[in-house]
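The values are calculated or read from the model by the stated rules, or taken from the named source; none is laboratory data. Bear in mind that the values here come from a model prediction, so they are computed numbers and not experimental data. No Cβ is skipped: glycine too gets one built from the backbone with ideal geometry, and neighbour counts run over all protein chains shown. Just the protein is used for accessible areas: all its heavy atoms, side chains included, with ligands, DNA and RNA removed. Shrake-Rupley method; radii C 1.70, N 1.55, O 1.52, S 1.80 Å.
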Amino acid sequence: MYKRQEHLVYNELTVSLGAGRRHLLPTSMGGKRTDGENLEQVLIDRGYDVVTTKDEMDAVHVNRNTKLWGAFNMSHMDAEIDRPIYNPTEPSLAEMTAKAIEVLSQDRDGFFLMVEGSQVDWAGHNNDPIYMVTDFLAFDDAVKVAVKFAEEDGNTLVLAFPDHNTGGMKIGQYYQQMDYTATTVDDLIGPLEGMQVTSESVVAEMGGNYSEDNMVATIKQWWNIDATAADIAEINDLAPSVGMAYALARVISKNHTVIGWTTHGHNGEDVPVWIYPQSDAIGVIDNTDLPDVAEFWPGHPGPNTLDQLTKRLYVNVDDAFPGNWELDKTDPENYVLKIKVKNKTAELPISKDLLMIDGKEYQLGSLVVYAPLRDGDPSDGDMLTVVEDRVYIPQKVVKLINFRRW
């Protein structure tokens with residue numbers, strides 16, 4: 001995970017809002033980085049406004065030079081329904097979306113923004129109905145912010161889509177002896193209205209005491225569900241295999257709601273795509289076609305832009321400098337690509353956007369990427385066979401090395 005954060009920091013993004021602050025900080029500062037790097041300081045040195053609360057985010061004065069980084073939790077953001085209770089200083093997904101658009105829209109050339117309602121997936125894994133519903137509504141609020149901007153701007157495309165379903169949530173389930181046509185809106189909504197937090201938080205409120213009396217009382221207090229002795233026994237029987245929060249959500253869903261689930265894992269069915277403004281992408285399309293939807297949209301700079309960008313960002317170093325490079329793995333936390341240039345050696349730290357040569361440091365604008373391939377076992381259906389490790393460099397490296405007089 002901390003290498004992914006390093007990728008984000010050195011990619012020179014204009015805006016990044018979320019959590020995972022521990023992956024920016026070294027262990028000596030309470031973080032998770034074992035390589036000793038303080039990426040938060042790197043961000044500050046590169047001119048970012050680094051914020052850790054909603055109020056700090058709101059207070060950032062935006063202009064054309066603003067670069068904003070928000071890390072609102074050491075670990076992950078709270079679920080939408082839990083946030084006001086346990087972490088009220090965190091912004092909502094819609095608030096982060098609005099601030100990101102405020103910053104990015106300063107660029108006259110336009111912008112690309114990716115917003116993820118990631119915990120809808122977590123809620124599906126949990127089989128937690130209130131978690132699923134409230135985090136999806138939080139995502140819907142973020143989409144509304146984007147669409148409102150697009151309506152006013154008149155030159156912005158909004159794509160909203162999941163990468164997959166999780167949990168197989170369905171309305172109407174065979175455990176409840178209720179005819180489909182007799183199921184009312186109140187039957188669906190009623191049990192959810194009393195739920196104040198996620199199943200994870202209900203379990204946390206139990207404080208490790210999983211006695212029948214304490215579990216019944218805690219479920220009643222936070223979910224307004226009258227759990228029975230049979231419910232508690234079922235939860236405790238299931239918990240060793242899936243965890244207490246999963247067991248709680250699954251059993252209460254099954255026995256006290258009309259919401260059913262098929263799995264704690266991912267599902268393979270078709271998922272919806274919402275597009276504003278209207279698009280020709282109608283019917284069933286492959287998810288890999290979505291970049292084409294964006295690329296060939298009338299407001300986009302033009303076709304082949306993505307291919308051109310890929311070629312600019314990712315050049316196989318062995319194609320550019322065959323036989324004149326090596327990957328120094330002396331420090332297992334920080335590999336360094338070394339390219340021989342006449343009588344000099346250019347050094348490019350992996351996962352950073354830096355080139356050092358002849359005592360000078362150059363910022364590349366995109367990353368040096370190491371792709372460690374692994375041996376494949378065809379007997380397991382794994383067709384990946386390693387030939388050699390690969391390192392990808394930006395085209396800017398080739399231009400700097402080949403056309404500069406050292």
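The C-alpha atoms of the chain define a longest principal axis, and helix 93-104 lies at about 20 degrees to it. Between Ile189 and Ser279, the simple label model (points 7 Å from Cα in the Cβ direction) yields a spacing of 3.1 nm. Too long at a 20 Å Cα-Cα cut-off: which of Lys360/Lys399; Lys54/Lys99; Lys311/Lys342? Violating the 20 Å limit, Cα to Cα: Lys311/Lys342. Considering only Ala94, Thr345, Leu192, the residue lying farthest towards the positive end of the dipole of the chain is Thr345, judged by Cα position with unit charges set on Cβ. Less than 5 angstrom separates the built amide H of Arg33 from those of Leu25, Thr27, all sequence-distant by 5 or more or on a different chain.
Computed extension gain for Asp163 through Glu205, at 0.36 nm per residue and net of the alpha carbon distance, reaches 11.9 nm.
With Cα extents along the principal axes in Å in mind, check (1) 63, 47, 37; (2) 62, 41, 39; (3) 79, 53, 49 and report the label derived from this structure. So the structure-derived entry is (3). For the residues Pro240, Pro277, Pro162, a GNM of the chain with alpha-carbon springs under 10 Å puts the largest fluctuation on Pro240. When a/c is below 1.5 the answer is rounded, else prolate if a/b is larger than b/c, else oblate, so apply that to segment 62-182 with a ≥ b ≥ c taken from the square roots of the Cα gyration tensor eigenvalues. Since a/c reaches 1.5 and a/b is larger than b/c, the shape of segment 62-182 is classed as prolate.
For Lys32, the aspartates and glutamates whose Cα comes closer than 15 Å to its Cα, not counting residues fewer than 8 places off in the same chain, are Glu6, Glu40, Glu333. In a DSSP loop and with at most 16 other Cβ atoms within 10 Å, the chymotrypsin sites (Phe, Trp or Tyr not before Pro) in segment 158-248 are Tyr174, Tyr175, Tyr210. Computed over the chain with a Gaussian network model linking Cα atoms closer than 10 Å, the most mobile of Leu188, Leu354, Leu313 is Leu188. Summed over the residues of the chain and divided among them, the accessible surface reaches 55 Å² per residue at a probe radius of 1.4 Å.
FRET efficiency for Thr262 and Ala217, Cβ-Cβ distance as r, R0 = 30 Å, nearest 0.05?
Working: r = 31 Å, r/R0 = 1.03.
Using R0 = 30 Å, I get an efficiency of 0.45.
Please work out the Cα center distance from segment 113-157 to segment 197-215, rounded to the nearest Å. Spelled out, the Cα-based centre of one part sits 29 Å from the other.
Which longest uninterrupted range of the chain lacks any GluC sites (Glu not before Pro) assigned by DSSP to a loop state (not H, G, I, E or B) and surrounded by at most 10 other Cβ atoms within 10 Å? Mind showing how you got there, number by number?
On the way: sites that count: Glu269, Glu388.
Counting only loop sites that pass the neighbour cut-off, the longest clear stretch is 1-268.
Per-atom-type breakdown for the chain gives carbon and sulfur 50% of the accessible area (1.4 Å probe, protein chains only).
Under the convention that each Lys and Arg Cβ holds +1 and each Asp and Glu Cβ holds -1, the size of the dipole of the chain around its Cα centre is about 2020 debye.
Using Cβ point charges alone (K and R +1, D and E -1), the dipole size of segment 133-253 about the Cα centre works out to roughly 160 debye. Within the listed set Val15, Val145, Val42, the residue fluctuating most in the Gaussian network model of the chain (springs between alpha-carbon atoms under 10 angstrom) is Val42. Take the Cβ atoms of Asn343 and Arg64, set R0 to 60 Å, and the FRET efficiency comes out at 0.90. 3J(HN,Hα) along segment 112-122, derived from phi through the Karplus expression 6.51 cos²θ - 1.76 cosθ + 1.60 where θ = phi - 60°, amounts to 10, 10, 10, 10, 10, x, 5, 7, 4, 5, 4 Hz, with x in place of Gly and Pro. When the chain is described by a simple charge dipole with +1 on each Lys and Arg Cβ and -1 on each Asp and Glu Cβ, the residue from Val391, Gln119, Asn224 located farthest towards its positive end is Val391. Between Ser118 and Glu102, the simple label model (points 7 Å from Cα in the Cβ direction) yields a spacing of 2.3 nm.
Phi angles of segment 189-198 translate, via the Karplus equation with coefficients 6.51, -1.76, 1.60 and θ = phi - 60°, into HN-Hα couplings of 7, x, x, 6, 5, x, 8, 9, 8, 6 Hz per residue; Gly and Pro are given as x.
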